[in-house]
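Here the structure is laid out as structure tokens; the discussion comes afterwards.
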Amino acid sequence: MALEAGAVEKFRKNYQPPNYFVREVRLDVRIFEGVSKVDAHLLCELNASVAQPGTELALDGEDLKLEKIELAVDGGEARPVARGPEGYELTDAGMVIRGLPSTPFTLRTVVSIEPEKNTQLSGLYFSGCMYCTQMEAEGFRRFTYFPDRPDVMSRYTAVRIEADSEKCPVLLGNGNKIDEGTCTDDPSRHFAIFEDPFAKPCYLFAIVAGKLGGIKDTFTTASGRTVNLAVYSEPGNVDKLDHALTSLKHAMKWDEGRYGLEYDLDTFNIVAVSDFNMGAMENKGLNIFNTALTLARPDTATDSDYERIEGVIGHEYFHNWTGNRVTCRDWFQLTLKEGLTVFRDQEFSGDMGSAVVKRVEEVRLLRARQFSEDGGPMAHPIRPESYIVMDNFYTATVYCKGAEVIRMYQTLFGREGFRKGMDLYFKRHDGCAVSCDDFRTAMADANGRDLTQFEEWYLQPGTPQVEARSEWDAAKGTFTLHLKQKVGAGQAHLPEEKRREKPLLIPVVVGLLERATGKEVVPSKVLELTEPEQSFSFSDLTAEPVPSILRDFSAPVKLDYPYTDEDFAFLAAYDTDAFNRWEAAQNIGSKLVKEQYVAGESSLPAGAVSAFRRILTDRETTDLSLLAYALTLPAESALLETLQPPVDPVRLHEARASVRRKVGAALHEEFAQRYAELSPKAGEALVIDGPSAGKRRLRNVCLGYLVAAKDDAALKLCSAQFEEARARGCMTDKLAALSHLVDFPRGVEVEAALQAFYDDAKGDAVVVDKWFSLQAGAEVPDALARVKRLMEHPDFTLKNPNRVRSVVSVFKSNLPGFHHISGSGYEFMSAIIADVDKLNPQVASKFASCFSLWAKVDAARQELMKKQLVTLRAKEADLSKDTFEVVSMLSKGI
């Protein structure tokens, strides 16, 4: 593809409302093998507030073959539209139509498309046993000619789907089914017609046609309506759908109780698809899910899989109101629906399980992915200012940091005040396409607050930095906390035109603890930091307290406070805020790794070992997942963000591994005892629930420390757990054991375990993906060679996103493999990016972000990374817009 044809940068400041509205859409979709037809009738109306009569109508279109175009005015006879300057003209972006009437008119187009050849998985495509769609962000233009933008909201009054009865016995669409039957002109074919009574943007349109199996149930809403529920998949996966259906019912009930939001259609369908670029999609009444986030059975899915599926099912269901009923005005506002809905699914998951564990998991993810994004050349505000391809901005910043911004509203106003803001938001904007400013205004008005300064969270890239210092006046019994936001510090790595250096409104939640007893003397209080520097005093104290700062991670910032090792140990043991107890343990681990990185092999401080021992031997805390996470060292990507560049990533990996080995050796007896306590007894039933998951999580963390030495005893322990887990049908313990076995030299035990895992999968694609991932992430000297061998396996393909990610995405996170000093890992990734880009630009552009660290690594690796970016940039004319945009952003400064 010639890049210059479509690589146009769009800017938020240039937003203009559409010249025409599409009030009603009628579609006739006829699916045939090879070529399918889409017959579209669009009832269009001039937007007189911005456009004059006679204004041309621009329709987006890509990879469409136009067969017919007609126009009818005021219900009159349809007449062909001539091709030419006074009729329609095809363009690189789609189609332009001129000479249009000033009154409403119906535009009819008939196009042919080839779903089987659609490897981009955007628009209508074929996957396994079904035809399905993915329209967000800009896939509808690959389906039919249309103004493909979210502020064009239409009622889809009749969507007719027709297909072969034997090959596609199940036909699904948005909304409610209003008719179905056998085609009169061909008895081997059948049809179904759907109506969606709610106006929606085209990105929420969906159809599915295929040979599917499924399970069904009903849900009774708070007002007494019965909603028919169904979850579909390939017939062989039906026995893995129960958890998804149960999670859906939990989400529907939770949204009614927490926000008073009731489902609004007669049916709600979920379809699991094996070829899917994203995790899931919230199409109105017809959610389409990646199989990896739908299918679960104890012998095929881990505890984390079960938790993730529940959260994502909730996320997509919650979009029915935050994304569908109220949607985005333009794609720059993506965080309006995604940040808000991520926050809602986080709260849902916390209520379904452990709120503090969920919070820990969120912050671990934020620091591992989003902080590094904010600290690199692709940093952008949660509401981007520009883009070439919107698919590149489905990022951790928009989703995860966006959710943190939403959470700060609740921190400032409390749960009751946040609910008031949500109620006002829906009251004002139901059925509309709106902006982030509309949400902020609703929150402000509902709570009587001026949130002008809060907009800075939507405008600024980078991770804010807060410095805290304290002062104790023993004579007055006053403790003063001095807070300073280092304005612009998180943006220093960015070019000047990307910076916006202004103070933010940062809610800093603080509590004070008595050092002698661990008693909380000042409960959590929200301090609003609005100036570059502010001081807050606490009086009537009898002794200098230990401050617990940024409780529950009240703002997505980096905190600098001069805690001592003793302070961290104290907080890890006594902080009444459970999140900050975990945070203190993380700081102990982080400091150990950084000391090993700087000084090389050295002994661990006795105080740090004691702190780990206290956590490991804690028998009072009932939430064992919290203990497991407290014992887990910070992720390498999170640690890298805390080190001053240049960083040797392999040395960092070795430092972290060294700390794990030394902690494991120092506390071997305690780890072994706890491991034995948590091990399942003979005949013990396998239970999937929160407490049982906590036991397994802590046991497997103990396993990680016990086998860190990689000696014969470690190999024996891993092999024993693997066999025990196989016998019990427990994927969580089985995967944990194999994840360590693959780090050993490829001996008899390792080969046997890998073969057994593969055989047990019995072709289950989701399980086979796990088999590929474990090997691609193995900490072995020949990591790249193993990856290349995996790509020669008959089950490997570049065309399936899950399968290619199971190898390539995992390898790029394998620090010793990807960052090998020879540069071979970089060269491999560059070649893969170019190959995948020809098939699926969305996946390729995500892979390209692996080079975002180039400015942070050591000089030798910098040059090797830059060389590959230059190589990719030289292929500019052959790259997709998606990948070109990412490569261009990463290349600035080279």
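The values are calculated or read from the model by the stated rules, or taken from the named source; none is laboratory data. Here the structure is a predicted model, which means the values were calculated and not measured. All Cβ positions, glycine included, derive from the backbone under ideal geometry; neighbour counts span all protein chains shown. Ligands, DNA and RNA are excluded from the accessible area calculation, which covers all protein heavy atoms including side chains. Shrake-Rupley method; radii C 1.70, N 1.55, O 1.52, S 1.80 Å.
Please count how many residues of the range 664-699 are touching a residue at least 60 places away in the same chain (Cβ under 8 Å), assigned to a helix (DSSP H, G or I) and in contact with a helix residue (DSSP H, G or I) (Cβ under 6 Å, 6 or more places away or on another chain).
7
Assess whether Leu71 counts as being without any contact (Cβ under 8 Å) to a residue 40 or more places away in the chain, open to solvent by less than 40 Å² (accessible area, probe 1.4 Å) and over 37 Å from the mean Cα position of the chain (by Cα).
So Leu71 fits the description; yes.
Tally the residues that are assigned to a loop (DSSP other than H, G, I, E, B) and open to solvent by 30 Å² or more (accessible area, probe 1.4 Å), restricting the search to the range 46-63.
The total comes to 10.
Can you find a residue in the range 574-581 that is of a type in the set (Ser, Thr, Tyr) and either touching a strand residue (DSSP E or B) at 6+ places or on another chain (Cβ under 8 Å) or assigned to a strand (DSSP E or B) (or both)?
Yes, that holds for at least one residue.
Yes or no: the range 458-473 includes at least one residue that is surrounded by 15 or more Cβ atoms within 10 Å (Cβ to Cβ), in a helix (DSSP H, G or I) and modelled with pLDDT of 95 or more.
yes
State the number of residues belonging to the range 821-851 that are open to solvent by 30 Å² or more (accessible area, probe 1.4 Å) and either touching a helix residue (DSSP H, G or I) at 6+ places or on another chain (Cβ under 7 Å) or closer than 26 Å to His380 by Cα (or both).
Counting residues in the range 821-851 that are open to solvent by 30 Å² or more (accessible area, probe 1.4 Å) and either touching a helix residue (DSSP H, G or I) at 6+ places or on another chain (Cβ under 7 Å) or closer than 26 Å to His380 by Cα (or both) gives 5.
Name the one entry in Pro187, Pro197 that is open to solvent by 10 Å² or more (accessible area, probe 1.4 Å) and closer than 18 Å to Arg26 by Cβ.
Pro197
Could you pull out the residue among Ser49, Ser112 that is among the hydroxyl-bearing types (Ser, Thr, Tyr) and over 19 Å from Phe140 (Cβ atoms)?
Going through Ser49, Ser112 in turn, the sole match is Ser49.
Could you tell me which residue of the range 111-137 is most open to solvent (accessible area, probe 1.4 Å), considering only residues that are among the polar types (S, T, N, Q) and closer than 22 Å to Leu66 by Cβ?
This residue is Gln120.
With respect to Val707, determine if the residue is in contact with a Ser or Thr (Cβ under 9 Å, 6 or more places away or on another chain), touching a residue at least 24 places away in the same chain (Cβ under 8 Å) and of a type in the set (A, V, I, L, M, F, W, C).
No, not satisfied.
From the residues in the range 264-285 that are out of contact with any helix residue (DSSP H, G or I) (no Cβ under 8 Å at 6 or more places or on another chain) and over 14 Å from Gly214 (Cα atoms), which one is most open to solvent (accessible area, probe 1.4 Å)?
Asp266
If a residue counts only when it is open to solvent by less than 50 Å² (accessible area, probe 1.4 Å) and of a type in the set (D, E, K, R), which helices (runs of 4 or more DSSP H) contained entirely in the range 346-441 have at least 3 such residues?
Where helices (runs of 4 or more DSSP H) fall fully within the range 346-441 and carry at least 3 residues being open to solvent by less than 50 Å² (accessible area, probe 1.4 Å) and of a type in the set (D, E, K, R), they are 355-365.
Working only within the range 238-249, note down all residues that are open to solvent by less than 60 Å² (accessible area, probe 1.4 Å) and either aromatic (Phe, Trp, Tyr) or without any contact (Cβ under 8 Å) to a residue 60 or more places away in the chain (or both).
Val238, Leu241, Leu245
Filter the range 215-235 down to residues that are under 17 Å from Cys168 (Cβ atoms) and free of Cβ contacts under 8 Å to residues at least 40 places away in the same chain, then give me how many there are.
Number satisfying all stated conditions: 0.
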